[in-house]
């Protein structure tokens with residue numbers, strides 16, 4: 001377009017001055033190339049909205065419509081609509097903003113290598129304003145709730161973490177995963193963590209009095225053992241109960257029974273629970289706690305709870 005010169009109210013530009021825009025309808029200008037990112041004016045649609053539709057000119061469907069309808073209706077200030085094609089009537093996704101809240105009729109996705117969403121309670125005290133929800137911060141696929149500094153650039157406390165394996169870590173020292181509970185301070189080694197592990201074994205007449213692996217307890221455990229055994233989960237047949245310890249260091253480990261009772265009633269047909277430590281040669285590997293029990297019929301359901309410290313994390317076999 002050539003430069004237009006003159007300010008007279010009756011002056012009219014020639015078609016040659018207007019360039020290609022001279023041959024367009026006012027309501028269908030086609031493709032526009034803008035020197036500015038701002039489009040002004042009030043181009044109302046039939047519903048009283050101000051619409052701006054962005055559609056692909058090459059390669060088929062897809063249209064994004066930007067609607068501002070708060071000026072007339074008092075409704076949402078800005079609405080983003082995505083349509084499968086520029087002429088489609090059905091909106092497949094919709095996001096709107098009314099000045100205080102964002103709404104979406106579809107899924108809201110934040111995408112990056114380790115995305116985060118910050119909630120800003122901006123009237124709170126120093127370094128108490130911002131909480132961030134973030135994923136993949138420490139391990140791939142983890143989920144975190146983090147207390148941030150006021151600038152939002154530093155993590156003051158990783159208050160909650162759920163890693164991809166299902167472990168729940170609360171403010172660092174407390175961890176819950178499945179049947180495992182650990183508590184820690186700042187020692188930084190497994191031998192300084194209190195551990196609780198719940199294990200289950202099943203014994204039938206076919207493996208009566210056969211040593212069965214219960215858990216890996218490391219070569220230096222300091223744990224209490226609390227065991228119960230019930231036949232067929234039937235309380236009328238009685239119960240076997242065991243309480244003892246497993247203590248030692250670097251493979252020199254002893255299991256000691258403090259209390260061991262087998263109360264078989266109404267033909268229960270089972271004996272006492274027995275536990276031992278095996279430094280090597282167990283079916284599951286080295287440094288194992290094992291259990292056995294005599295049974296004549298039915299199924300014995302054994303629950304073993306371990307509490308205390310060990311050189312490594314203890315795990316169920």
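The values are calculated or read from the model by the stated rules, or taken from the named source; none is laboratory data. Computed from a prediction, not measured in an experiment: that's the story for all the values here. All Cβ positions, glycine included, derive from the backbone under ideal geometry; neighbour counts span all protein chains shown.
Quick notes
- Tabulated pairs, the stretch 281-298, first more than 27 Å from residue 237 (Cα to Cα), second crowded, with 18+ Cβ neighbours inside 10 Å and at pLDDT below 95, C-beta under 6 angstrom, 6+ apart or interchain: none
- Selection count, the stretch 193-224, where residues are in a helix (DSSP H, G or I) and either at pLDDT 95 or above or closer than 26 Å to residue 169 by Cα (or both): 0
- Cβ-Cβ contacts under 9 Å between residues 6 or more apart (or on different chains), taken from a first residue in the stretch 248-272 that is not assigned by TED's automatic domain parsing to the domain that holds residue 227 to a second residue that is modelled with pLDDT of 95 or more and surrounded by 15 or more Cβ atoms within 10 Å (Cβ to Cβ), are absent.
- Residue match in the stretch 174-187 (condition: over 23 Å from the mean Cα position of the chain (by Cα) and within 22 Å of residue 249 (Cα to Cα)): yes
- Of the residues 271, 227, 244, 251, the single one that is modelled with pLDDT of 95 or more and farther than 15 Å from residue 300 by Cβ is 244.
- Single match in 238, 227 (criterion: assigned by TED's automatic domain parsing to the domain that holds residue 288 and at positive phi): 238
- Flag for residue 230 being under 26 Å from residue 278 (Cα atoms), touching a residue at least 24 places away in the same chain (Cβ under 8 Å) and outside any strand (DSSP E or B): no
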